[in-house]
Amino acid sequence: MFENLKAFFRGFFSSFKARSTEYLEFEERELENVFALILMGSFVGIPSPPTTLVMRIMPHMVREIYVMQRRAGEMDDIFGELAGMFEIT
Amino acid sequence: MKEYLIPKEGFRVLFFIGKGGVGKTTSSAAVSAALSKRGYKTLIVSIDPAHNLGDVFEVKLNDKPKQIAESLYAMELDMEKLIKTYLKHLEENLKHMYRYLTVINLEKYFEVLSFSPGIEEYATLEAIREILQKGDEWDVIIFDTPPTGLTLRVMALPHIALIWVNKLIEVRRKILDKRRTIENIQGERKFMVDGEEYELPSREREDPVMKELLAYKEEIEFVRDIITNRDRTSVVAVMNAEMLPLYETERAHESLKKFKIPFNLVVVNKIIEFEEEVSKIKVRMDTQKKVLGEIHKKFRDVDIVKVPMFEEEPRGLKWLERIGGLIIGD
């Protein structure tokens, strides 16, 4: 009984925590996307930072490229995500 | 002797710039020969992809310093090899990430990267940096550069690269700030890509991207600090007494001023002198006179040295020492 209650509260708080960081995480993802976009600007026709620098950073960019790739896939749903976040239905 | 050509604070760096075919290589080789003769341990490096430094010294050179005279060493940078090894190294670094990078098909990207605009400038800058980092081995380092356009771009790079890197550091800081805030609420975060788990770094000293950015910034600042320091670097422009090289030298002067790179000397090379008037080349001689007058007017804060056209092509050490003595001024 006590264990169940503990699990319930843990779940309750973790969902609370998740919601509280939702906006921040969205902002973080956007920044990561922008960061990757700047580095790979030459692919979309915007000026690119020094090639040396880009090539040096690339190997560490798994997360950012992943975010960018997903963002590219969900491009038309960006308003959907925003609407969901602000609970517009 | 001109004090901006000899070491003052650590080693001295000299860049010889100018239009194609005005005699940059000969002048720089001459100065290197003259300086080494006076006991300065001198290294002359050709960063021009179309090398002819070896031809001037009449020896075969490669990308390692080769001893020519007692304290004179020379080398020619192999740009193609430099770019290739540079890309190879990066490619290996990237290999284990390939799976996630399918979106941009990196293999193809690498194939064409060596022809990509700008790569030569960056590789040149990288090469200059490497030489400057080992600069303490020498008293004087002389760079024989490719024609003005490319050289000015290379010399502008540290300035431009620093703007980029500072901006990127700013964005990266914001990302790390956000990550830290989220981490404070949610605890340590991981993220999954294709079943593999990655940690999400949130502190500057843990984040490899930030580490690279800061390391790059430090390297570029090192080069910038040397090439903008009056006590360590001098730019020597070589030109002929003709209108086009004059215009080009003026433009170079302007842009070097913009990047605060010290410009000290103009060498006017291949001046034709006749005792009696030769009617066939009178027009030419008049232009020469006019240009020489212009040079004195336009470069008031800069030293000017005139080198006459010699009867034979100045090659080999003896010749070079003679011309070099003329340029450095004993």
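Quick note: the coordinates plus some simple rules give every number you see, no bench work behind them. As the structure is a computational prediction, the values presented were derived from the model and not from experiment. Every residue, glycine as well, gets a Cβ built from its backbone with ideal geometry; the counts of neighbours run over all protein chains shown.
Only helical runs count toward this figure. For the protein assembly as shown, summing -39,500 (n - 2.57) over DSSP H runs of n ≥ 4 and dividing by all residues gives -18000 deg cm²/dmol at 222 nm.
Of B:Lys2/B:Lys66; B:Lys24/B:Lys217; B:Lys60/B:Lys81; B:Lys60/B:Lys270, which sit over 21 Å apart, Cα to Cα?
On the way: B:Lys2/B:Lys66 27 Å; B:Lys24/B:Lys217 31 Å; B:Lys60/B:Lys81 17 Å; B:Lys60/B:Lys270 26 Å.
The pairs that break the limit, which is 21 Å between Cα atoms, are B:Lys2/B:Lys66; B:Lys24/B:Lys217; B:Lys60/B:Lys270.
Helices assigned as whole DSSP H runs in chain A whose Cα atoms extend at least 20 Å along their own long axis and whose mean Kyte-Doolittle hydropathy is 0.0 or higher are found at A:22-39.
Each of A:Phe79 and B:Lys2 was given a label point 7 Å from its Cα along the Cα-to-Cβ line. The distance between the two points is 6.6 nm. Bridges between two residues of the stretch B:156-300, per DSSP, are antiparallel at a rate of about 40%.
Here the stretch A:2-85 is treated as an ellipsoid with the same Cα gyration tensor; its semi-axes, largest first and in whole Å, are 36, 16, 9. Just to confirm my numbers, what's the Cα centroid distance between the stretch B:252-330 and the stretch B:5-84 in Å? So the two Cα centres are separated by 20 Å.
State the extension gain, in nm to one decimal, for the chain segment bounded by B:Phe259 and B:Val59, taking 0.36 nm per residue of separation less the distance between their alpha-carbons.
Numbers: separation 200, 0.36 × 200 = 72.00 nm, distance 3.58 nm.
Stretched fully, the B:Phe259-B:Val59 segment lengthens by 68.4 nm.
If both residues of a DSSP beta bridge must be in the protein assembly as shown, then about 20% of such bridges are antiparallel.
Helix B:208-227 and the longest principal axis of the Cα set of chain B meet at an angle near 20°.
Which of B:Met239, A:Met55 has the fewest other C-beta atoms within 10 Å, and how do the rest follow up to the most? Write out the running numbers ahead of the final one.
Details: B:Met239 27, A:Met55 22.
Fewest-to-most Cβ neighbours within 10 Å comes out as A:Met55, B:Met239.
Once the Cβ-Cβ distance of B:Lys174 and B:Arg203 is raised to the sixth power relative to R0 = 22 Å, the FRET efficiency obtained is 0.95.
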